[in-house]
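The structure appears below as C-alpha cells.
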2 protein chains.
Amino acid sequence: MQKTVPHAAGLHRASLRKLHDLDAALELMYYGWRGMTLSADQYLATLGLSRPHHRILYVVARQPGVSIGSLIEILGISKQALNRPLNLLLERKLLTSRRSPEQHRSKLLRLTEAGKRCEQRASDHERKVVSEAFDRVGPRGAAAWMAVMGAIADNN
Amino acid sequence: MQKTVPHAAGLHRASLRKLHDLDAALELMYYGWRGMTLSADQYLATLGLSRPHHRILYVVARQPGVSIGSLIEILGISKQALNRPLNLLLERKLLTSRRSPEQHRSKLLRLTEAGKRCEQRASDHERKVVSEAFDRVGPRGAAAWMAVMGAIADNN
DNA sequence: TTTTAAGGTCAACATAGTTGACTTGAAGAT
DNA sequence: ATCTTCAAGTCAACTATGTTGACCTTAAAA
C-alpha cells in the first residue's frame, strides 16, 4: 500500500541521483547554510527577530559606532529596507543611536547590554555548529574549508 | 575630507573586526553561498528565471519522472508556492508533465531538451565556481570541505 | 544664505513564501 | 454505480524581505 512517510520536507537532505561529480558539493552548500543558521533562527524567533535583525546586530557588534550609511553599505541593502528592522532593534533597546559631538549629522549605532547578549547568543548558535564540524576534521581540515570558502566567496 | 568611496554594497566582503575565532567562518558561509550562486543567478535572469526555477529544474533533472507531490516534499515548499514557478517552466516548455499510464492520478515531470540545457548551464556556473576553489586546495582539501559541510548540514 | 550630506518616511511594487478553502479528476472501496 | 479518497490545481489573503522613486528634515559647509 506504500503509505508515503512524510519527509519532514525541507529539513532533511534529499538524496538525489548525482548527474555530476560536484553535485554533492552544490547540495552541501545549500544545506550547509540552512544547517548553520537553523538553530540561531529558532532562537531569534523566540524574540520576534529574524535574519535581518541578526545581520544588523552582528555588524554593529563588530563595528561599534558605525553610522547608518556605513551599515547600509556593509549590509548591501537600501536604507528603506534597513529602516524597519533597525527601528525595531532601537525600540526594543537592543541598539542605541546617538549623534556624534563633532559629526553631528550622522548617527552612530551601538549595542546595548541586552543587544550584546542577543547578538552573542544568536552567533553562538552558529559558531557552535561550525565548531563541532571543525572538530571532526581537525585544524588542517578546518583551514582547507576556510580556503575553499574564501575562493568561492571571492567569485564576484 | 574623507569622501566615502562606495563599496559596491553587498558585492564585496566587508572586513569587520573579529570578535571570535570563528567569526571569519560565519562570514565565509554567508559570502560563500552568494559567491557560488551569483553567476548562475545572472544567467538565469537572462531567461527571466530565478533560484526557485533552478531548484525545480535541478531536482527534476536528477529524478526524472518525479511526481508533483514528491517535488513538493523534496523542495520543502507548499504546492501553492510551487505552482507559479512550475507553471512558468511548463509554459516555457522547459518541463513536461504527463500522467503515467498506470498511476493516472499523479503527474510525472520531465525535462525537455531545452530544460536540460538550461539546468545544465545554470548548474555549470555553480560547479565551475566550486571546481576552481577545489583546485586551489587539492583533493584532500576538497574532501575536508565536503566533510565539514556534511557535518554542518546535518545540524537539524 | 544657499547648497550638500545624512537621515527619515511614504507609496507602490516584486519575489518568495505561508495557510485556508475550495474544485477537479482519477482510483479504489462498498 | 456510488461514495470516498487522493493528487493536483486554483483562489484569496497574508507575511517577510527586499526594491525604486519621491519627498522632507536636520545639520554642516560653501
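One residue is enough: does region B:99-119 have a residue meeting the conditions under 14 Å from residue B:53 (Cα atoms), within 11 Å of DNA strand C (Cβ to nearest atom), away from chain A (no Cβ under 13 Å) and among the aliphatic types (A, V, I, L, M)? No, that holds for no residue. Within region B:45-76, being touching a His at 6+ places or on another chain (Cβ under 9 Å) and within 9 Å of DNA strand C (Cβ to nearest atom) holds for one residue alone: B:76. When A:49, A:28, A:22, A:38 are checked against the criterion of being more than 7 Å from chain B (Cβ to nearest Cβ) and modelled with pLDDT of 95 or more, A:49 stands alone in meeting it.
The values are calculated or read from the model by the stated rules, or taken from the named source; none is laboratory data. Only a predicted model underlies this, so the values are computations on that prediction, with no experimental measurement involved. Note that each Cβ is placed from the backbone with ideal geometry, even for glycine, and that neighbours are counted across all protein chains shown.
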